[in-house]
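J.: Got a structure for you, questions after.
The values are calculated or read from the model by the stated rules, or taken from the named source; none is laboratory data. Everything numeric in this text was worked out from a predicted model, so none of it was measured. Cβ sites come from the backbone with ideal geometry, for glycine too, and all protein chains shown count toward neighbours.
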Amino acid sequence: MNHYAAVPVKTLLGLIGALILTLSASAAVLPFPPAFRMMDIQTDGATIHVRVGGSGPAVVMLHGFGDTGDMWAPVAAKLMEGHTVVVPDLRGMGLSSHPEGGYDKKTQAHDIAKVMDELKIEKADFVTHDIGNMVGYGFAAQFPERVTRWVIIDAPLPGIGPWDKIICSPALWHFNFRGPDVERLVKGRERIYLDRFWDELSANPKAIDEATRRHYARLYARPGAMHSAFNQFAAFTQDAIDNKALAAKGKLSMPVLAIGADHSFGTQMADIMRLVDSDVTEAVIANSGHWVMEEQPKQTTAAIVNFIDKK
């Protein structure tokens, strides 16, 4: 006898999501729920790897450097109960292709627009972290009518507010660490390079466990991956020019939750976002550095879900 025959599919998906969240305290990089499908979508010059699951109003989740879309599995498991969750790997990262160009964030915003078009999604809530923030702003500023709510997490926007001061911080030397010789230095030593970010930009390096480090180090050791990652940072100069021009057109108006970690950007995230958006709520993740999903997954997931589902 099938004991689950009478259980609604939505309920089963919710149980799966709850199980994944329960395991998140002890597991490393979690898989997405089985109901998610994986697909590759061709954009202008790139092939974007995308995870899609759930049903209802759409949520697009964008990762940053040191992670891939895999970072969002705990949140996706929760949100899929009432949302269509779309989780791409950005151009040049994860399982997406590694074109030579197109790493300015305005172009990558068009990658996301194409993904949404292919999935027949007119508008969506956005959840972004790190470089995903920069792509998110490129998208929101170019297509404001397509963003309903936006959760932006712990990284600045090139050219906006205190950017010139931020990039002078010794902790952010990697913004200008690039070029052929740098790639030769890092090749075969991707794990050593990534450990620096996880160790120095976290409040508790042990929160990024060995399995997590191995997982992402393997992805960033793929052919062309570090070359593409360095190009993400190299584009910041152009991004700053683009963002200043976009911001000069006026502030955005969609509701924004600006989340900073208490050992990283803290309330400065909200200060930055108030320069470009008129409806900003601030939040701070306690006992965390930059890697909020690895360091404080339950706290971060709750903040995201509560804001996305706010009536």
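J.: Inside the stretch 258-275, can you point out the residues that are of a type in the set (A, V, I, L, M, F, W, C), surrounded by fewer than 24 Cβ atoms within 10 Å (Cβ to Cβ) and in contact with a Ser or Thr (Cβ under 8 Å, 6 or more places away or on another chain)?
T.: Listed by number, the list holds a single entry, 270.
J.: Looking at residue 81 and the list (1) at pLDDT 95 or above; (2) over 20 Å from residue 110 (Cβ atoms); (3) of a type outside the set (A, V, I, L, M), which single condition is not satisfied?
T.: (1)
J.: Can you give me the number of residues within the stretch 69-117 that are within 15 Å of the chain's Cα centre (by Cα), outside any loop (DSSP other than H, G, I, E, B) and basic (Lys, Arg)?
T.: 1
J.: Can I ask one more? Residues being assigned to a loop (DSSP other than H, G, I, E, B) and in contact with a strand residue (DSSP E or B) (Cβ under 8 Å, 6 or more places away or on another chain): count how many of those fall in the stretch 199-253.
T.: 3
J.: Mind counting the residues in the stretch 265-311 that are outside any helix (DSSP H, G or I), within 19 Å of residue 130 (Cβ to Cβ) and of a type in the set (Ser, Thr, Tyr)?
T.: 2
J.: Are there any pairs, at least 6 apart or on different chains, whose C-beta atoms fall under 7 Å, with the first in the stretch 293-311 and over 13 Å from residue 261 (Cα atoms) and the second small (Gly, Ala, Ser) and exposed (fewer than 15 other Cβ atoms within 10 Å of the Cβ), and if so, which?
T.: Note: no pairs meet the criteria.
J.: Step by step: first the residues of the stretch 121-136, then only those that are touching a Pro at 6+ places or on another chain (Cβ under 9 Å) and surrounded by 24 or more Cβ atoms within 10 Å (Cβ to Cβ), then the one that is nearest to residue 105 (Cα to Cα). Which residue is that?
T.: Keep residues of the stretch 121-136 that are touching a Pro at 6+ places or on another chain (Cβ under 9 Å), which gives 123-125, 133-134.
So of that shortlist, the ones also surrounded by 24 or more Cβ atoms within 10 Å (Cβ to Cβ) come out as 124, 133-134.
Details: 124: 18, 133: 9, 134: 6 Å.
Here the answer is 134.
J.: For a quick check of your reading of the model, give me the residue pairs whose first member lies in the stretch 260-286 and is over 19 Å from residue 240 (Cα atoms), whose second is surrounded by 17 or more Cβ atoms within 10 Å (Cβ to Cβ) and among the hydroxyl-bearing types (Ser, Thr, Tyr), with beta-carbon atoms closer than 8 Å and at least 6 apart or on different chains.
T.: As it stands, the answer is 261/288; 262/288; 263/202; 263/288; 264/288; 285/300, since those pairs meet every condition given.
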